[in-house]
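The values are calculated or read from the model by the stated rules, or taken from the named source; none is laboratory data. Quick caveat, the model's predicted, so the values are computed rather than measured. Cβ sites come from the backbone with ideal geometry, for glycine too, and all protein chains shown count toward neighbours.
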Amino acid sequence: MSQLESTAQPLSDAERARFLTALGAILAGESLLHDAEELRPYECDGLSAYRTLPLAVALPATLEQLQATLKICHQMQIPVVARGAGTGLSGGALPHSEGLLLSLAKFNQILEIDQANLSARVQPGVRNLAISEAVAHLDLYYAPDPSSQIACSIGGNVAENSGGVHCLKYGLTLHNVMEVNIVTIEGELITLGGASLDSPGYDLLAAIVGSEGLLGIIVEVRVKLIPKPATIQVLLAAFNQLNDAGSAVAAIIAAGIIPAGLELMDKLSLQAAEDFVHAGYPTDAAAILLCELDGAEAEVGQQVEEVRQLLQMHGANEVRLARDEQERQQFWKGRKAAFPAVGRLAPDYYCMDGTIPRSRLSEVLEKMAQLSEQYQLPVANVFHAGDGNLHPLILYDANNDGELEKAEQFGGDILELCVAVGGTITGEHGVGIEKINQMCVQFNNLELLQFHALKAAFDPSGLLNPGKAVPTLHRCAEFGAMHVHHGELPFPDLPRF
């Protein structure tokens, strides 16, 4: 993976001292870190294969401190990388060696719960799960639930447009956010969206959600709350063939049934999860499918029977209905623990994130199995199957020379496979540094120029998270030349979309 693209020049010792002195006038004591040992905990996010020490770390506690910090960075042309909980998986919060790492950890308050209008106003450092915990006594909750929801922050969720196991029915972060306040690199506070269901003017809120810290620093978010459903039921189906599970997913959606969650795990991932949390999974299955249905009791009861029949028609050799709430939670505990569980199988794993049309799932699974043989690296598969969001986990050992690079090539081929069948290179993890080359496959030069134009409108100096998410045209030219020179464009037999 190439070094970050940035026009920032290394600071002289005098410039560095002047910068730290200016910040020190705003941020006292432990709110400003610059010694190497103090910086070490911030050197990476969840993509831990890549590490960089920032010039300094700022932890402002007030909006005024944050605005003043950004104004100094703008005046001195210092790059700024925002960081939430550090759980991101694409390197989006990887520091810039000549820049400031701006932590939002102290912005961790729930400011308002508006029961009448079903919304909550929160600071970006609030944990995802904490929102639902705060409104549970009102029989409300916040729907997007990434697997890391116990730790990940709502600001990071907005920056990456995070999803989760229930995004099939209730949508991604984008569909559950009403208003976002950001501070620009010049220190200006801007409100996008509003407390009502619609707001006038251009839909800049949609541009901010998923912008990966390139356009502004998120300082406040108004999220939607929804009532807890009257009835929730979960079916677990076991299959002897992974492709049969993929076909069952397509059949459920084609029947007009939209489950709250529809998750698929292959043999390697379900066995790892079972060994880790003892969720009650059938470990002899080639794949399992978890289907959660919620709503009115009569409707859910009817759908459970319809889905049971569809699962059996498409090869399920066992269909099990969770007996009670405890078993339902246990089924989901296994799924949400899949990533750490797979981490016990190898010294390292590389977590990919792409999205494909559901109708191409079986085909993509077959191609991924071929790639696994080609690269001689095992892969465990966990899918948000209902919306085609894949999370292949490539197992490798970074202690072996060349294995990290091989895993990255394998991951790049998976992403390009997703594009080839009409999908996208990301579903919820963002682009960061991990997928920046594949952006050159997903988008043409004119489309990339539009991304750069939007970036320039918010951040003309290019100081916010430089080198992430949107590649330069020069980088794409080099990447394309490399592909053509080495004949590496994969899957020439597949139709291009």
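Just for the stretch 355-373: of the residues that are at pLDDT below 90 and among the aliphatic types (A, V, I, L, M), which one is nearest to residue 249 (Cα to Cα)?
For the stretch 355-373, the residue satisfying everything is 361.
Within the stretch 183-210, which residues are charged (D, E, K, R) and more than 21 Å from residue 70 (Cβ to Cβ)?
198, 203
Which one is modelled with the lowest pLDDT among residues in the stretch 174-206 that are outside any strand (DSSP E or B) and charged (D, E, K, R)?
Across the stretch 174-206, the extreme among qualifying residues is 198.
Of the residues that sit in the stretch 411-438 and are under 15 Å from the mean Cα position of the chain (by Cα) and among the polar types (S, T, N, Q), which one is surrounded by the most Cβ atoms within 10 Å (Cβ to Cβ)?
426
Only one of 220, 212, 292 is within 24 Å of residue 349 (Cα to Cα) and in contact (Cβ under 8 Å) with a residue 24 or more places away in the chain. Can you tell me which?
Answer to the selection: 212.
Can you tell me which residue within the stretch 207-247, out of those that are at pLDDT 95 or above and assigned to a helix (DSSP H, G or I), is surrounded by the most Cβ atoms within 10 Å (Cβ to Cβ)?
My answer is 208.
Yes/no per residue for (1) outside the structural domain of residue 221 (by TED's automatic domain parsing); (2) surrounded by fewer than 23 Cβ atoms within 10 Å (Cβ to Cβ); (3) touching a residue at least 40 places away in the same chain (Cβ under 8 Å):
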site	(1), (2), (3)
124	no, no, yes
128	no, no, no
169	no, yes, yes
174	no, yes, no
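Condition first: in contact with a Pro (Cβ under 9 Å, 6 or more places away or on another chain) and over 20 Å from residue 82 (Cβ atoms). Can you find one or more residues in the stretch 118-130 that meet it?
Within the stretch 118-130 (the criterion being in contact with a Pro (Cβ under 9 Å, 6 or more places away or on another chain) and over 20 Å from residue 82 (Cβ atoms)), the answer is yes, since at least one residue qualifies.
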